[in-house]
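Asks: Encoded as C-alpha coordinates, here's the structure I'll be asking about.
The values are calculated or read from the model by the stated rules, or taken from the named source; none is laboratory data. This one's a predicted model, so the numbers in the text were calculated from it and none came from an experiment. No Cβ is skipped: glycine too gets one built from the backbone with ideal geometry, and neighbour counts run over all protein chains shown. When the accessible area is computed, the model is the full protein with side chains, heavy atoms only, and any ligands, DNA or RNA have been set aside. Shrake-Rupley method; radii C 1.70, N 1.55, O 1.52, S 1.80 Å.
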Amino acid sequence: FLRQVQAQVMPNAATFGFEEVSHAVAEIGEQYGRWQNSECVGLHQTLLEHEEHPNTGRIRLGDFYGLAVNHGKFQFSESVSYLRQLGALDESEPSNLRVMIPNWIYGPNNCLASSGYYAVCCIDVCDGYMNKLERELGSHDASAEQLLQVVAALPDPAADLGVKNHTVPPALQHRLKEIAEHHDGRVPIHGRLFAQWMHHVHPRWCPYPHMSGTIAPRRAEEQEAVTGMKVSAQSDEIRQHMEQSEGRKSSAPTDGMCSSMWSMEEELVDSVAHEKAKTSREHESGIARAGLRGLFFASAIISMVMALAKLITKDTLMDSVGSGTGKKPAFACVDIGQTYAV
(Lines give C-alpha, C1' and ligand atoms only; values in the text may rest on other atoms or scores of the structure.)
Protein backbone atom coordinates (compact mmCIF):
# COMPACT_ATOMS: atom_id res chain seq x y z
CA PHE A 1 0.00 0.00 0.00
CA LEU A 2 2.77 2.44 0.94
CA ARG A 3 4.62 1.66 -2.28
CA GLN A 4 1.48 2.35 -4.29
CA VAL A 5 0.99 5.74 -2.67
CA GLN A 6 4.66 6.59 -3.17
CA ALA A 7 4.38 5.74 -6.85
CA GLN A 8 1.36 8.02 -7.17
CA VAL A 9 2.72 11.12 -5.44
CA MET A 10 6.48 10.73 -6.10
CA PRO A 11 6.94 8.67 -9.26
CA ASN A 12 10.56 7.87 -10.15
CA ALA A 13 11.86 9.98 -7.25
CA ALA A 14 15.29 8.96 -5.95
CA THR A 15 15.40 11.37 -3.02
CA PHE A 16 12.63 12.83 -0.89
CA GLY A 17 12.52 16.26 0.68
CA PHE A 18 10.39 17.26 3.66
CA GLU A 19 7.62 18.68 1.45
CA GLU A 20 7.39 15.53 -0.67
CA VAL A 21 7.30 13.27 2.40
CA SER A 22 4.61 15.45 4.03
CA HIS A 23 2.51 15.21 0.89
CA ALA A 24 2.95 11.43 0.81
CA VAL A 25 1.96 11.05 4.48
CA ALA A 26 -1.17 13.16 3.93
CA GLU A 27 -2.11 11.05 0.93
CA ILE A 28 -1.61 7.84 2.94
CA GLY A 29 -4.05 9.15 5.52
CA GLU A 30 -6.59 9.93 2.80
CA GLN A 31 -6.36 6.55 1.06
CA TYR A 32 -5.79 4.21 3.98
CA GLY A 33 -9.49 3.90 4.85
CA ARG A 34 -10.48 2.60 1.43
CA TRP A 35 -7.48 0.28 1.29
CA GLN A 36 -8.30 -1.10 4.74
CA ASN A 37 -11.96 -1.52 3.71
CA SER A 38 -10.98 -4.49 1.56
CA GLU A 39 -10.70 -6.50 4.79
CA CYS A 40 -14.20 -5.33 5.77
CA VAL A 41 -15.57 -6.51 2.42
CA GLY A 42 -14.02 -9.92 3.01
CA LEU A 43 -15.53 -10.23 6.51
CA HIS A 44 -18.90 -9.09 5.17
CA GLN A 45 -18.85 -11.69 2.41
CA THR A 46 -17.89 -14.45 4.86
CA LEU A 47 -20.88 -13.66 7.08
CA LEU A 48 -23.27 -13.50 4.10
CA GLU A 49 -22.13 -16.96 3.00
CA HIS A 50 -23.42 -18.28 6.34
CA GLU A 51 -26.63 -16.23 6.44
CA GLU A 52 -29.48 -18.03 8.20
CA HIS A 53 -31.92 -17.34 5.35
CA PRO A 54 -31.22 -15.57 2.04
CA ASN A 55 -31.48 -11.77 2.15
CA THR A 56 -32.16 -11.53 5.89
CA GLY A 57 -28.81 -10.03 6.88
CA ARG A 58 -28.61 -12.32 9.90
CA ILE A 59 -26.41 -15.20 10.99
CA ARG A 60 -27.21 -17.48 13.92
CA LEU A 61 -25.02 -16.80 16.93
CA GLY A 62 -23.83 -20.42 16.99
CA ASP A 63 -22.78 -20.22 13.34
CA PHE A 64 -21.09 -16.88 14.06
CA TYR A 65 -18.96 -18.50 16.76
CA GLY A 66 -18.45 -21.54 14.54
CA LEU A 67 -16.54 -19.39 12.08
CA ALA A 68 -14.02 -18.63 14.83
CA VAL A 69 -13.79 -22.17 16.21
CA ASN A 70 -13.93 -24.21 13.01
CA HIS A 71 -12.53 -21.81 10.40
CA GLY A 72 -9.98 -19.78 12.34
CA LYS A 73 -11.86 -16.48 11.90
CA PHE A 74 -10.87 -14.98 15.24
CA GLN A 75 -12.75 -11.74 14.49
CA PHE A 76 -16.10 -13.46 15.13
CA SER A 77 -15.74 -14.04 18.84
CA GLU A 78 -17.41 -11.13 20.69
CA SER A 79 -19.41 -11.99 23.79
CA VAL A 80 -23.20 -11.75 23.88
CA SER A 81 -23.06 -8.77 26.22
CA TYR A 82 -20.68 -6.88 23.91
CA LEU A 83 -22.75 -7.73 20.82
CA ARG A 84 -25.79 -6.40 22.66
CA GLN A 85 -23.98 -3.15 23.50
CA LEU A 86 -22.95 -2.81 19.87
CA GLY A 87 -26.58 -3.16 18.79
CA ALA A 88 -25.64 -6.13 16.62
CA LEU A 89 -27.77 -8.77 18.36
CA ASP A 90 -31.25 -9.74 17.16
CA GLU A 91 -33.06 -11.04 20.24
CA SER A 92 -36.55 -11.15 18.73
CA GLU A 93 -36.36 -14.94 19.24
CA PRO A 94 -34.63 -15.48 22.60
CA SER A 95 -34.12 -19.18 21.85
CA ASN A 96 -32.41 -18.38 18.55
CA LEU A 97 -30.10 -15.38 18.92
CA ARG A 98 -28.76 -13.95 15.68
CA VAL A 99 -26.12 -11.41 14.73
CA MET A 100 -27.24 -8.59 12.43
CA ILE A 101 -24.50 -8.52 9.82
CA PRO A 102 -24.48 -4.80 8.84
CA ASN A 103 -24.65 -3.69 12.49
CA TRP A 104 -21.64 -5.86 13.28
CA ILE A 105 -19.67 -4.82 10.19
CA TYR A 106 -20.20 -1.06 10.63
CA GLY A 107 -19.80 -1.10 14.42
CA PRO A 108 -16.88 0.45 16.32
CA ASN A 109 -15.63 -3.08 16.99
CA ASN A 110 -14.16 -2.96 13.46
CA CYS A 111 -12.67 0.54 13.72
CA LEU A 112 -8.96 1.28 13.95
CA ALA A 113 -7.95 4.19 16.18
CA SER A 114 -5.81 6.28 13.85
CA SER A 115 -5.66 9.39 16.01
CA GLY A 116 -7.51 11.24 18.71
CA TYR A 117 -9.62 12.95 16.05
CA TYR A 118 -10.83 10.15 13.81
CA ALA A 119 -10.93 6.38 13.43
CA VAL A 120 -10.72 4.26 10.29
CA CYS A 121 -13.89 2.15 10.10
CA CYS A 122 -15.61 -0.06 7.55
CA ILE A 123 -17.26 2.00 4.81
CA ASP A 124 -21.03 2.00 5.19
CA VAL A 125 -22.46 0.93 1.82
CA CYS A 126 -25.91 2.14 2.89
CA ASP A 127 -24.58 5.70 3.30
CA GLY A 128 -23.65 5.77 -0.36
CA TYR A 129 -27.12 4.52 -1.25
CA MET A 130 -28.70 7.28 0.84
CA ASN A 131 -26.58 9.89 -0.96
CA LYS A 132 -28.04 8.72 -4.28
CA LEU A 133 -31.54 8.75 -2.81
CA GLU A 134 -31.11 12.32 -1.57
CA ARG A 135 -29.92 13.47 -4.99
CA GLU A 136 -32.88 11.84 -6.72
CA LEU A 137 -35.44 13.32 -4.32
CA GLY A 138 -33.89 16.75 -3.85
CA SER A 139 -35.80 17.01 -0.58
CA HIS A 140 -35.61 15.89 3.04
CA ASP A 141 -39.00 14.16 2.77
CA ALA A 142 -41.30 12.63 0.17
CA SER A 143 -44.57 10.78 -0.25
CA ALA A 144 -44.61 7.00 0.08
CA GLU A 145 -45.47 6.64 -3.62
CA GLN A 146 -42.54 8.83 -4.69
CA LEU A 147 -40.11 6.93 -2.47
CA LEU A 148 -41.26 3.57 -3.81
CA GLN A 149 -40.66 4.78 -7.37
CA VAL A 150 -37.19 6.13 -6.57
CA VAL A 151 -36.12 3.07 -4.55
CA ALA A 152 -37.29 0.77 -7.35
CA ALA A 153 -35.26 2.75 -9.89
CA LEU A 154 -32.03 3.02 -7.88
CA PRO A 155 -29.40 0.28 -8.14
CA ASP A 156 -28.91 -1.97 -5.13
CA PRO A 157 -26.52 -0.62 -2.44
CA ALA A 158 -24.06 -3.36 -3.44
CA ALA A 159 -24.66 -3.14 -7.19
CA ASP A 160 -20.91 -2.96 -7.74
CA LEU A 161 -20.67 -6.39 -6.10
CA GLY A 162 -22.99 -7.91 -8.68
CA VAL A 163 -26.21 -7.63 -6.63
CA LYS A 164 -29.27 -6.92 -8.76
CA ASN A 165 -32.23 -4.69 -7.96
CA HIS A 166 -35.29 -6.21 -6.34
CA THR A 167 -38.84 -5.00 -5.98
CA VAL A 168 -40.26 -3.85 -2.65
CA PRO A 169 -42.67 -6.53 -1.31
CA PRO A 170 -46.27 -5.54 -0.45
CA ALA A 171 -45.70 -5.81 3.30
CA LEU A 172 -42.92 -3.20 3.15
CA GLN A 173 -44.96 -0.98 0.86
CA HIS A 174 -47.64 -1.02 3.55
CA ARG A 175 -45.06 -0.22 6.24
CA LEU A 176 -43.85 2.80 4.28
CA LYS A 177 -47.39 4.11 3.97
CA GLU A 178 -47.77 3.70 7.74
CA ILE A 179 -44.71 5.91 8.23
CA ALA A 180 -46.20 8.50 5.87
CA GLU A 181 -49.47 8.48 7.84
CA HIS A 182 -47.48 8.91 11.04
CA HIS A 183 -46.03 12.12 9.57
CA ASP A 184 -49.20 13.53 7.95
CA GLY A 185 -48.54 12.11 4.51
CA ARG A 186 -44.78 12.72 4.15
CA VAL A 187 -41.85 10.41 5.02
CA PRO A 188 -38.77 12.13 6.52
CA ILE A 189 -35.79 10.30 5.05
CA HIS A 190 -33.48 11.39 7.91
CA GLY A 191 -35.38 9.64 10.66
CA ARG A 192 -35.33 6.35 12.50
CA LEU A 193 -38.50 4.96 10.93
CA PHE A 194 -37.23 5.36 7.38
CA ALA A 195 -33.83 3.91 8.38
CA GLN A 196 -35.70 0.94 9.87
CA TRP A 197 -37.63 0.54 6.63
CA MET A 198 -34.36 0.68 4.67
CA HIS A 199 -32.94 -2.05 6.90
CA HIS A 200 -35.82 -4.35 5.98
CA VAL A 201 -35.55 -3.47 2.27
CA HIS A 202 -31.75 -4.01 2.24
CA PRO A 203 -31.03 -6.09 5.38
CA ARG A 204 -27.60 -7.17 4.16
CA TRP A 205 -26.28 -3.63 3.75
CA CYS A 206 -28.31 -1.19 5.88
CA PRO A 207 -28.00 -1.47 9.69
CA TYR A 208 -30.97 -1.68 12.02
CA PRO A 209 -31.46 1.69 13.81
CA HIS A 210 -31.87 1.48 17.58
CA MET A 211 -33.49 4.18 19.68
CA SER A 212 -31.03 6.55 21.36
CA GLY A 213 -29.92 5.37 24.77
CA THR A 214 -30.79 1.70 24.21
CA ILE A 215 -27.28 0.69 23.12
CA ALA A 216 -23.77 1.93 23.91
CA PRO A 217 -21.43 0.98 21.05
CA ARG A 218 -17.75 1.38 21.89
CA ARG A 219 -14.46 0.16 20.54
CA ALA A 220 -13.22 -3.00 22.21
CA GLU A 221 -10.52 -1.22 24.24
CA GLU A 222 -12.99 1.40 25.47
CA GLN A 223 -15.56 -1.24 26.39
CA GLU A 224 -13.02 -3.18 28.44
CA ALA A 225 -11.83 0.00 30.17
CA VAL A 226 -15.40 0.94 31.13
CA THR A 227 -16.67 -2.49 32.18
CA GLY A 228 -13.45 -4.16 33.28
CA MET A 229 -14.52 -7.25 31.31
CA LYS A 230 -13.11 -8.84 28.18
CA VAL A 231 -15.15 -8.31 25.01
CA SER A 232 -14.31 -11.79 23.70
CA ALA A 233 -16.61 -14.63 24.66
CA GLN A 234 -15.30 -17.33 26.93
CA SER A 235 -14.91 -20.84 25.52
CA ASP A 236 -17.83 -22.13 27.64
CA GLU A 237 -20.14 -19.41 26.29
CA ILE A 238 -19.09 -20.13 22.73
CA ARG A 239 -19.61 -23.88 23.11
CA GLN A 240 -23.02 -23.38 24.73
CA HIS A 241 -24.38 -21.28 21.87
CA MET A 242 -22.90 -23.56 19.23
CA GLU A 243 -24.63 -26.56 20.84
CA GLN A 244 -27.93 -24.67 21.10
CA SER A 245 -27.79 -23.79 17.41
CA GLU A 246 -27.37 -27.36 16.24
CA GLY A 247 -30.50 -28.46 14.42
CA ARG A 248 -32.33 -25.26 15.39
CA LYS A 249 -33.32 -22.91 12.63
CA SER A 250 -36.20 -20.47 12.51
CA SER A 251 -38.59 -20.58 9.57
CA ALA A 252 -37.80 -18.30 6.66
CA PRO A 253 -39.82 -15.06 6.52
CA THR A 254 -42.54 -15.10 3.89
CA ASP A 255 -43.85 -11.52 4.03
CA GLY A 256 -40.72 -9.73 2.83
CA MET A 257 -39.66 -8.67 6.34
CA CYS A 258 -36.22 -9.86 7.39
CA SER A 259 -37.22 -10.06 11.07
CA SER A 260 -40.02 -9.24 13.50
CA MET A 261 -37.94 -6.30 14.74
CA TRP A 262 -40.24 -3.39 13.90
CA SER A 263 -41.51 -0.52 16.04
CA MET A 264 -43.17 2.81 15.30
CA GLU A 265 -40.80 4.77 17.55
CA GLU A 266 -39.45 7.78 15.70
CA GLU A 267 -36.36 9.96 16.07
CA LEU A 268 -35.52 12.68 13.57
CA VAL A 269 -32.03 13.97 12.83
CA ASP A 270 -33.40 17.52 12.59
CA SER A 271 -36.88 17.64 14.11
CA VAL A 272 -36.91 21.46 14.02
CA ALA A 273 -36.45 21.56 10.23
CA HIS A 274 -39.12 18.90 9.84
CA GLU A 275 -41.61 20.89 11.92
CA LYS A 276 -40.82 24.08 9.97
CA ALA A 277 -41.46 22.29 6.68
CA LYS A 278 -44.69 20.85 8.07
CA THR A 279 -45.82 24.30 9.26
CA SER A 280 -44.96 25.80 5.87
CA ARG A 281 -47.03 23.16 4.08
CA GLU A 282 -49.94 23.75 6.45
CA HIS A 283 -49.67 27.52 5.86
CA GLU A 284 -49.69 27.07 2.09
CA SER A 285 -52.61 24.68 2.40
CA GLY A 286 -54.43 27.21 4.59
CA ILE A 287 -53.91 29.95 2.01
CA ALA A 288 -55.29 27.68 -0.71
CA ARG A 289 -58.32 26.80 1.43
CA ALA A 290 -58.92 30.48 2.20
CA GLY A 291 -58.77 31.27 -1.52
CA LEU A 292 -61.32 28.57 -2.26
CA ARG A 293 -63.59 29.82 0.51
CA GLY A 294 -63.34 33.35 -0.97
CA LEU A 295 -64.19 32.02 -4.42
CA PHE A 296 -67.22 30.14 -3.11
CA PHE A 297 -68.37 33.23 -1.19
CA ALA A 298 -68.00 35.42 -4.27
CA SER A 299 -69.96 32.90 -6.33
CA ALA A 300 -72.74 32.91 -3.75
CA ILE A 301 -72.90 36.75 -3.81
CA ILE A 302 -73.04 36.79 -7.61
CA SER A 303 -75.86 34.22 -7.60
CA MET A 304 -77.83 36.28 -5.08
CA VAL A 305 -77.35 39.47 -7.13
CA MET A 306 -78.51 37.75 -10.33
CA ALA A 307 -81.60 36.35 -8.61
CA LEU A 308 -82.42 39.81 -7.17
CA ALA A 309 -81.97 41.41 -10.59
CA LYS A 310 -84.43 38.96 -12.08
CA LEU A 311 -87.00 39.74 -9.41
CA ILE A 312 -86.61 43.48 -9.99
CA THR A 313 -87.05 42.98 -13.74
CA LYS A 314 -90.28 41.06 -13.15
CA ASP A 315 -91.70 43.74 -10.86
CA THR A 316 -90.79 46.44 -13.38
CA LEU A 317 -92.63 44.65 -16.14
CA MET A 318 -95.69 44.12 -13.95
CA ASP A 319 -95.86 47.81 -13.00
CA SER A 320 -94.99 49.26 -16.39
CA VAL A 321 -98.66 50.29 -17.20
CA GLY A 322 -99.46 51.72 -13.76
CA SER A 323 -100.94 50.37 -10.61
CA GLY A 324 -104.61 49.83 -9.94
CA THR A 325 -107.26 47.21 -9.90
CA GLY A 326 -108.15 45.56 -13.12
CA LYS A 327 -105.07 46.80 -14.92
CA LYS A 328 -102.86 44.28 -16.71
CA PRO A 329 -99.20 44.38 -17.55
CA ALA A 330 -98.16 45.77 -20.91
CA PHE A 331 -96.54 42.45 -21.78
CA ALA A 332 -97.55 38.91 -20.99
CA CYS A 333 -95.18 37.25 -18.53
CA VAL A 334 -94.85 33.55 -17.97
CA ASP A 335 -93.07 32.16 -14.91
CA ILE A 336 -90.52 29.47 -15.71
CA GLY A 337 -88.95 28.63 -12.38
CA GLN A 338 -86.98 31.73 -11.47
CA THR A 339 -86.60 32.91 -15.06
CA TYR A 340 -89.21 35.15 -16.64
CA ALA A 341 -89.90 34.97 -20.36
CA VAL A 342 -91.78 37.75 -22.17
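Asks: Among the residues of region 32-42, which ones are open to solvent by less than 50 Å² (accessible area, probe 1.4 Å) and out of contact with any Cys (no Cβ under 9 Å at 6 or more places or on another chain)? Explain how you work it out, then say what you get.
Replies: Step one: filter region 32-42 for residues open to solvent by less than 50 Å² (accessible area, probe 1.4 Å), giving 33, 36-37, 40, 42.
Selection gives Gly42 alone.
Asks: Would you confirm whether or not region 125-132 contains a residue that is under 22 Å from Ser212 (Cα atoms) and among the basic types (Lys, Arg)?
Replies: Within region 125-132 (the criterion being under 22 Å from Ser212 (Cα atoms) and among the basic types (Lys, Arg)), the answer is no, since none of the residues qualifies.
Asks: Now for a separate question. Got a number for residues in region 4-28 being assigned to a helix (DSSP H, G or I) and open to solvent by 40 Å² or more (accessible area, probe 1.4 Å)?
Replies: Total meeting the criteria: 14.
Asks: Any residue in region 92-119 that's open to solvent by 50 Å² or more (accessible area, probe 1.4 Å) and of a type in the set (Ser, Thr, Tyr): show its pairings with residues that are modelled with pLDDT of 85 or more and outside any loop (DSSP other than H, G, I, E, B) at Cβ separation under 8 Å, as long as the two are six or more apart or on different chains.
Replies: From residues that are open to solvent by 50 Å² or more (accessible area, probe 1.4 Å) and of a type in the set (Ser, Thr, Tyr), the pairs are Ser95/Gln244; Ser114/Val120.
Asks: Being closer than 17 Å to Cys126 by Cβ, open to solvent by less than 40 Å² (accessible area, probe 1.4 Å), assigned to a helix (DSSP H, G or I) and at pLDDT 95 or above narrows it down to one of Leu47, Leu67, so name that one.
Replies: Leu47
Asks: Let me ask something else. Inspect region 153-172 for any residue being without any contact (Cβ under 8 Å) to a residue 40 or more places away in the chain, surrounded by fewer than 19 Cβ atoms within 10 Å (Cβ to Cβ), over 28 Å from Gln75 (Cβ atoms) and in contact with a Phe, Trp or Tyr (Cβ under 9 Å, 6 or more places away or on another chain) and give the result as yes or no.
Replies: Yes, that holds for at least one residue.
Asks: Applying the selection to region 248-271, what residues are free of Cβ contacts under 8 Å to residues at least 24 places away in the same chain and open to solvent by less than 90 Å² (accessible area, probe 1.4 Å)?
Replies: Ser271
Asks: Which count do you get for residues in region 216-238 that are within 25 Å of Ser115 (Cβ to Cβ) and either surrounded by 13 or more Cβ atoms within 10 Å (Cβ to Cβ) or in contact with a helix residue (DSSP H, G or I) (Cβ under 9 Å, 6 or more places away or on another chain) (or both)?
Replies: Taking region 216-238 first, the residues within 25 Å of Ser115 (Cβ to Cβ) are 216-227, 231.
In the following step, the residues that additionally are either surrounded by 13 or more Cβ atoms within 10 Å (Cβ to Cβ) or in contact with a helix residue (DSSP H, G or I) (Cβ under 9 Å, 6 or more places away or on another chain) (or both) were identified as 216-220, 222-224, 227, 231.
Summing the residues that are within 25 Å of Ser115 (Cβ to Cβ) and either surrounded by 13 or more Cβ atoms within 10 Å (Cβ to Cβ) or in contact with a helix residue (DSSP H, G or I) (Cβ under 9 Å, 6 or more places away or on another chain) (or both) in region 216-238 gives 10.
Asks: So, in region 95-131, exactly how many residues are closer than 23 Å to Glu49 by Cα and assigned to a loop (DSSP other than H, G, I, E, B)?
Replies: 10
Asks: All but one of (1) farther than 22 Å from Ser260 by Cα; (2) without any contact (Cβ under 8 Å) to a residue 60 or more places away in the chain; (3) of a type in the set (Ser, Thr, Tyr) hold for Tyr129, so report the exception by its number.
Replies: Looking at each condition in turn, Tyr129 falls short on (2).
Asks: Is it the case that Leu137 is touching a residue at least 24 places away in the same chain (Cβ under 8 Å), touching a Lys or Arg at 6+ places or on another chain (Cβ under 9 Å), of a type outside the set (Gly, Ala, Ser) and over 30 Å from Glu222 (Cβ atoms)? Spell out the reasoning first.
Replies: Numbers: touching a residue at least 24 places away in the same chain (Cβ under 8 Å): yes; touching a Lys or Arg at 6+ places or on another chain (Cβ under 9 Å): no; of a type outside the set (Gly, Ala, Ser): yes; over 30 Å from Glu222 (Cβ atoms): yes.
No.
Asks: Pairs under 8 Å by beta carbon, first residue of a type in the set (Val, Ile, Thr) in region 61-73, partner surrounded by fewer than 20 Cβ atoms within 10 Å (Cβ to Cβ), six or more apart or different chains?
Replies: Val69/Met242
Asks: Considering region 50-64 alone, what residues qualify as being open to solvent by less than 30 Å² (accessible area, probe 1.4 Å) and assigned to a helix (DSSP H, G or I)?
Replies: Hits for region 50-64 are Leu61, Gly62, Phe64.
Asks: Right, next: Please work out which one of (1) over 24 Å from Gln234 (Cα atoms); (2) at pLDDT 90 or above; (3) touching a helix residue (DSSP H, G or I) at 6+ places or on another chain (Cβ under 8 Å) is the condition Glu52 fails and give its number.
Replies: Exception for Glu52: condition (1).
Asks: Same structure again: Under 8 Å between Cβ atoms, at least 6 apart or on separate chains: pull out the pairs that start in region 205-224 with a residue that is under 22 Å from Leu43 (Cα atoms) and end on any residue that is open to solvent by 70 Å² or more (accessible area, probe 1.4 Å) and outside any loop (DSSP other than H, G, I, E, B).
Replies: Correct list of pairs: Arg218/Val226.
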